[in-house]
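The values are calculated or read from the model by the stated rules, or taken from the named source; none is laboratory data. The structure displayed is predicted, hence computed values, not measured ones. Don't worry about glycine lacking a Cβ; one is built from the backbone with ideal geometry, like all the others, and counts go over all protein chains shown. Accessible surface is based on the protein model in full, side chains and every heavy atom, while ligands, DNA and RNA are left aside. Shrake-Rupley method; radii C 1.70, N 1.55, O 1.52, S 1.80 Å.
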Amino acid sequence: MASVLLQSVAKAYGETQILHGIDLEIRDGEFMVFVGPSGCGKSTLLRSIAGLEDITGGELRIGGRLVNDVPPAERGIAMVFQSYALYPHMNLYDNMAFGLQLAKVPKAEIDTAVRHAARILHIEHLLERKPKDLSGGQRQRVAIGRAIVRKPEVFLFDEPLSNLDAALRVRMRYEFAKLHEELKTTMVYVTHDQVEAMTLADRIVVLQAGRIEQVGTPLELYEHP
Ligand code: ADP
Ligand code: ADP
C-alpha cells in the first residue's frame with residue numbers, strides 16, 4: 001500500500017491549463033473516486049498519477065517518493081483502462097501472465113500469481129479461453145487480473161465500467177468493492193457516474209474545470225451537496 005500526495009499539481013497542454021493547483025492526499029489503502037463532468041480533467045489527473053503525463057507544476061509523491069525520481073517499473077502503480085486491450089490470440093492465462101513473463105519472473109511464481117488473481121475474480125474456469133469467447137464483464141476482470149498479478153501498491157481505474165451494460169455495471173460495482181476489501185490496496189477510480197462514486201468510495205473528489213470543488217465521504221457529500 002502507498003499514499004499518493006499531490007501538492008499544487010498543475011497540467012497544461014500548450015497554452016491551455018487543464019489542472020489548476022490540485023492539493024490532495026490519497027491515504028494508504030483508501031478507495032478514492034474522482035467524479036465530474038466530461039472534460040473536467042479526471043483522466044488527466046489519473047494519467048498524471050500513473051506517470052503517463054508529465055505535470056507542468058507542483059509535486060506528486062507516491063509512498064513519499066517524488067514520482068519523477070522513481071523509474072516507471074518501480075512505482076508500484078497499475079492502471080486499468082476503459083478499453084481492455086487484451087491480446088486476442090492469447091488465452092486468459094497468458095493475457096494475465098504476459099507482463100510477468102516479459103519481466104522474467106520465475107514460472108512457478110507467475111503461475112501462483114495468475115491463479116490467485118483468477119480466484120479473486122472468479123475466472124478460474126475460463127483460463128483456457130480466448131478473449132473473444134468472453135462476456136464484457138469477464139473481459140474486464142481479465143484486464144483487472146493483469147493488473148493484480150503485478151501486485152501494485154496503487155491501483156488506477158479509468159471509467160472501467162462505462163463500456164458495460166447497466167445490469168453488469170451494477171454487479172461489477174459490487175465486485176470492485178469486494179476487490180478492494182480483499183486487496184486493501186490504495187485505489188483511485190475515475191467515473192462520471194455519481195451512483196458509482198457513492199457506492200464505491202471511501203472519499204469522493206468532485207472536480208470541476210480542473211479544480212477540486214469538494215472532497216469528502218459519500219455521506220458528507222450527500223448531506224452537504
Ligand atoms: P475527463 O477525463 O474529465 O473527461 P480529460 O482529463 O480527458 O477530462 O480532459 C480534460 C481536458 O483536457 C479536455 O478539455 C480535453 O480536451 C483536454 N485534453 C486532454 N488530453 C489532451 C491532449 N493530449 N492535448 C490537449 N488537450 C487535451
Ligand atoms: P511446465 O513448466 O511444467 O510446462 P508451467 O509452469 O508452464 O508448467 O505451468 C504450471 C501450471 O500452469 C500448469 O498447471 C499448467 O497447466 C498451467 N498453465 C501454464 N500455461 C498455461 C496457459 N497458457 N493456459 C492455461 N494454463 C496454463
Within the range 137-182, restricting to residues that are of a type in the set (A, V, I, L, M, F, W, C) and closer than 18 Å to R203 by Cα, the one that is most open to solvent (accessible area, probe 1.4 Å) is A177
Going through the range 77-93 in order, the residues found to be open to solvent by 50 Å² or more (accessible area, probe 1.4 Å) and out of contact with any strand residue (DSSP E or B) (no Cβ under 9 Å at 6 or more places or on another chain) are S83, A85, Y87, P88, H89
Could you say whether any residue in the range 70-81 is over 19 Å from V4 (Cα atoms) and without any contact (Cβ under 8 Å) to a residue 24 or more places away in the chain?
no
Given the conditions (1) within 20 Å of the chain's Cα centre (by Cα); (2) within 30 Å of H89 (Cβ to Cβ); (3) not basic (K, R), every one holds for V195 apart from (2)
Practice task
Answer with yes or no whether M96 is in contact with a Gly (Cβ under 7 Å, 6 or more places away or on another chain), open to solvent by less than 40 Å² (accessible area, probe 1.4 Å), away from ligand 1 (no atom under 12 Å from the Cβ) and touching a residue at least 12 places away in the same chain (Cβ under 8 Å).
Solution key: yes
Per the filter on the range 99-123, residues at pLDDT 95 or above and open to solvent by 90 Å² or more (accessible area, probe 1.4 Å) are K107, E109, T112, R115
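For the range 31-43, how many residues meet the condition of being surrounded by fewer than 19 Cβ atoms within 10 Å (Cβ to Cβ) and either without any contact (Cβ under 8 Å) to a residue 40 or more places away in the chain or more than 15 Å from ligand 1 (Cβ to nearest atom) (or both)?
1
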Of the conditions (1) within 16 Å of ligand 1 (Cβ to nearest atom); (2) surrounded by 12 or more Cβ atoms within 10 Å (Cβ to Cβ); (3) among the β-branched types (V, I, T), the single one that T16 does not satisfy is (2)
